[in-house]
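Participant: Could you have a look at this structure, given as structure tokens, before my questions?
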Amino acid sequence: MITSLLVANRGEIACRIFRTCAAAGIRTVAVHSDADENALHARVADASVRLPGSAPAETYLRGDLIVKAALAAGADAVHPGYGFLSENADFARAVTDAGLVWIGPPPEAIEAMASKTRAKELMGLAPLTDVTEDDLPVLVKAAAGGGGRGMRIVRELADLGGALASARAEALSAFGDGEVFVEPYVEGGRHVEVQILADAHGTVWPLGTRDCTLQRRHQKVVEEAPAPGLGPGLTDELYATAVRAARATGYLGAGTVEFLVVGDRAHFLEMNTRLQVEHPVTEAVFGIDLVALQLRVAEGEALEKDPPRARGHAIEARLYAEDPANGWAPQTGTLHRIAVPDGVRLDTGYADGDTIGVHYDPMLAKAVAHAPTRAEAARALAGALDRAVIHGPVTNRDLLVRSLRHPEFTGARMDTGFYDRHLAALTTPRPDPWAPLAAALAQAAGRSRFGGWRNLHSQPQTRAYRTEADGTEHEVRYRHTRAGLAADGVRVVRAAADLVVLDIDGVRRMFPVAVYGDRVHVGNTALTALPRFPDPTAQRAPGSLVAPMPGTVVRVAEGLAEGARVRAGEALLWLEAMKMEHKVVAPASGTLTALHAAVGRQVEVGALLAVVRADDGPTLAEPEEQPV
């Protein structure tokens with residue numbers, strides 16, 4: 001029997017596994033990097049062990065240190081979660097060689113399927129070895145890991161070399177393995193997968209289908225179970241292939257077999273020999289706890305002959321600290337508050353007041369709704385996210401709500417090109433036009449001890465705000481009167497520091513307000529309070545390229561130096577943030593007059609990286625700032 005379990009992971013998945021262990025009476029052990037010393041998963045475990053290392057992003061890839069931590073903490077089992085070492089056969093062997101129970105498939109099964117190239121060979125498929133114009137478009141893909149890392153679409157043969165180099169670098173950073181391969185890129189399909197669970201007694205459960213079609217940069221955003229619109233014949237084919245893959249490898253535990261479905265044809269993609277991020281939708285539909293079942297299987301228990309019956313529909317949305325309207329740039333900072341309405345499951349690795357750092361994946365949480373029908377589940381999840389309280393950096397919350405309400409999604413007509421077609425419309429800023437006034441009234445009410453009225457007629461007071469969604473600046477006016485605060489064109493029913501109620505054309509609306517320094521959240525609209533007397537020296541010269549997020553400079557374009565000619569849109573350098581590479585491109589054709597970025601340097605958001613003097617523009621004076 002397992003009595004103490006170490007999770008070789010961090011964040012949301014570690015916290016989720018710990019919940020199951022606590023319910024089962026199993027003692028929990030966390031591991032953490034220096035950057036995660038105060039992270040939620042390290043706080044909620046019964047014990048935690050620091051993993052030494054100067055590079056936080058690589059710390060969780062040190063299997064030797066994790067095994068030592070398990071032994072030191074007295075754990076008798078190790079759960080790998082997902083990502084990091086979850087599909088590393090050498091790590092699985094190291095765990096079992098140390099006398100610990102491995103919560104996962106045998107190393108041989110991991111070796112057979114964890115490398116996508118070997119998995120395709122096992123299933124009778126093979127990657128492309130000699131790419132020609134006739135093969136295009138193609139997809140460069142990391143052989144190890146997942147989550148969209150190490151993937152590049154190539155539509156022009158001339159771009160293949162750069163895509164291979166970039167994918168290798170990203171895969172090596174994320175998974176410790178730079179192997180990549182090339183396969184045909186099938187457009188217009190749906191991403192469908194089958195959850196399996198196998199025991200050591202020959203039983204393999206196919207636990208329904210999931211649809212994970214809504215993706216950006218090959219990373220899943222919305223997932224659901226069961227996959228809608230599949231005929232019984234296709235579903236049976238998917239089940240049979242998934243079970244065949246499990247039996248062919250002597251599989252044990254939970255795993256997922258992924259397909260690309262085009263019409264009534266299914267193309268095998270890969271098998272993930274671990275728990276998937278989207279496993280909660282399967283748990284909701286089948287009424288099971290997959291982690292608890294993983295533990296039972298690892299202890300040698302037999303599954304029942306037939307899996308449980310599926311009931312209803314479940315949809316999961318991944319909430320990311322990123323800005324979809326700005327190239328999906330990851331965001332960092334303090335997450336002041338996160339909460340969803342009752343009735344929706346929230347799996348997260350953060351608590352109120354935690355800091356979102358630069359070193360790891362930007363996923364904040366997963367929200368899951370379960371209902372009797374797909375339409376009810378989509379409506380419930382969209383409504384819950386719309387009412388959720390999320391105070392902190394920019395997130396993809398609005399994108400999720402609009403995606404769940406889009407007619408292509410509600411009509412189950414989506415494909416993997418959904419965001420290519422609809423991203424602009426789905427990310428068009430829609431800040432509440434009354435939010436700046438509500439913010440001003442709340443802040444005025446919070447600072448006024450005696451109501452603020454005067455015997456003489458009062459001149460209007462002014463405050464200025466910038467809506468973070470679109471960068472628009474607003475100046476609002478209000479007055480202190482005997483009756484309280486007032487504003488033109490609206491009746492102020494109530495004004496308090498945390499709530500403003502306005503009567504707008506006969507309709508009473510409530511505006512919850514929360515203030516964190518100069519950041520003000522009014523409902524779902526985030527504002528920045530602007531100073532009354534802006535500092536003119538804070539303005540940057542035209543053509544300045546600044547870091548869109550904190551990160552590390554990992555590459556600079558070959559031969560790039562001050563005085564070089566650059567073209568509009570040309571990639572000048574690459575930043576790595578949260579295990580993803582982000583290009584910084586020239587804003588216009590012209591001359592590079594300053595280059596402050598060097599490979600290996602860590603930069604903060606807004607740091608000056610380079611300056612480009614446009615051909616048809618004025619000579620740009622270099623800002624008086626210290627190089628990053």
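The values are calculated or read from the model by the stated rules, or taken from the named source; none is laboratory data. In this text, all values refer to a predicted model and were calculated from it rather than measured experimentally. Note that we place each Cβ from the backbone using ideal geometry, even for glycine, and neighbour counts take in every protein chain shown.
Participant: Suppose we filter 343, 327, 349, 353 for residues that are within 30 Å of residue 526 (Cα to Cα) and free of Cβ contacts under 8 Å to residues at least 40 places away in the same chain; which single one remains?
Facilitator: Result: 353 is the single residue among 343, 327, 349, 353 that is within 30 Å of residue 526 (Cα to Cα) and free of Cβ contacts under 8 Å to residues at least 40 places away in the same chain.
Participant: Further, regarding this structure: Consider residue 14 against the criteria (1) surrounded by fewer than 24 Cβ atoms within 10 Å (Cβ to Cβ); (2) hydrophobic (A, V, I, L, M, F, W, C); (3) in contact (Cβ under 8 Å) with a residue 60 or more places away in the chain: it satisfies all of them except one. Which criterion is unmet?
Facilitator: It fails just one condition, (1).
Participant: Considering only segment 522-551, state which residues are modelled with pLDDT of 85 or more and not in a loop (DSSP other than H, G, I, E, B).
Facilitator: Hits for segment 522-551 are 522, 525, 526, 527, 528, 529, 544, 545, 546.
Let's see how each residue does on (1) crowded, with 18+ Cβ neighbours inside 10 Å; (2) without any contact (Cβ under 8 Å) to a residue 60 or more places away in the chain; (3) polar (S, T, N, Q); (4) within 25 Å of residue 297 (Cα to Cα):
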{"position": "54", "(1), (2), (3), (4)": "no, yes, yes, no"}
{"position": "59", "(1), (2), (3), (4)": "yes, yes, yes, no"}
{"position": "62", "(1), (2), (3), (4)": "yes, yes, no, no"}
{"position": "71", "(1), (2), (3), (4)": "no, yes, no, yes"}
{"position": "74", "(1), (2), (3), (4)": "no, no, no, yes"}
{"position": "81", "(1), (2), (3), (4)": "yes, no, no, yes"}
{"position": "84", "(1), (2), (3), (4)": "yes, no, no, yes"}
{"position": "87", "(1), (2), (3), (4)": "yes, no, no, yes"}
{"position": "91", "(1), (2), (3), (4)": "yes, no, no, yes"}
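Participant: Would a scan of segment 374-397 turn up a residue that is in the same structural domain as residue 205 (by TED's automatic domain parsing), within 12 Å of the chain's Cα centre (by Cα) and surrounded by 23 or more Cβ atoms within 10 Å (Cβ to Cβ)?
Facilitator: Yes, that holds for at least one residue.
Participant: Here's another thing I want to ask about it. Residues that are modelled with pLDDT under 90 and under 18 Å from residue 330 (Cβ atoms): list the strands (runs of 3 or more DSSP E) wholly contained in segment 572-628 that include at least 3 such residues.
Facilitator: In segment 572-628, 580-585 are the strands (runs of 3 or more DSSP E) which contain 3 or more residues that are modelled with pLDDT under 90 and under 18 Å from residue 330 (Cβ atoms).
Participant: Same structure again: Within segment 146-163, is even one residue under 21 Å from residue 242 (Cα atoms), acidic (Asp, Glu), outside any loop (DSSP other than H, G, I, E, B) and more than 24 Å from the chain's Cα centre (by Cα)?
Facilitator: There is no residue in segment 146-163 that is under 21 Å from residue 242 (Cα atoms), acidic (Asp, Glu), outside any loop (DSSP other than H, G, I, E, B) and more than 24 Å from the chain's Cα centre (by Cα).
Participant: Another question about this same structure. Could you tell me whether any residue of segment 443-466 is more than 30 Å from residue 532 (Cα to Cα) and crowded, with 21+ Cβ neighbours inside 10 Å?
Facilitator: no
Participant: Please give the strands (runs of 3 or more DSSP E) falling wholly within segment 168-242 in which 3 or more residues are buried (at least 17 other Cβ atoms within 10 Å of the Cβ) and not hydrophobic (A, V, I, L, M, F, W, C).
Facilitator: Hits in segment 168-242: 190-198, 204-216, 219-225.
Participant: So, one more: Tell me whether segment 132-141 contains one or more residues that are at pLDDT below 95, assigned to a loop (DSSP other than H, G, I, E, B) and in contact with a strand residue (DSSP E or B) (Cβ under 8 Å, 6 or more places away or on another chain).
Facilitator: yes
Participant: Related question: Please find, within segment 470-511, the residue that is surrounded by the most Cβ atoms within 10 Å (Cβ to Cβ) out of those that are closer than 21 Å to residue 397 by Cβ and in contact (Cβ under 8 Å) with a residue 60 or more places away in the chain.
Facilitator: Checking each candidate, the answer is 511.
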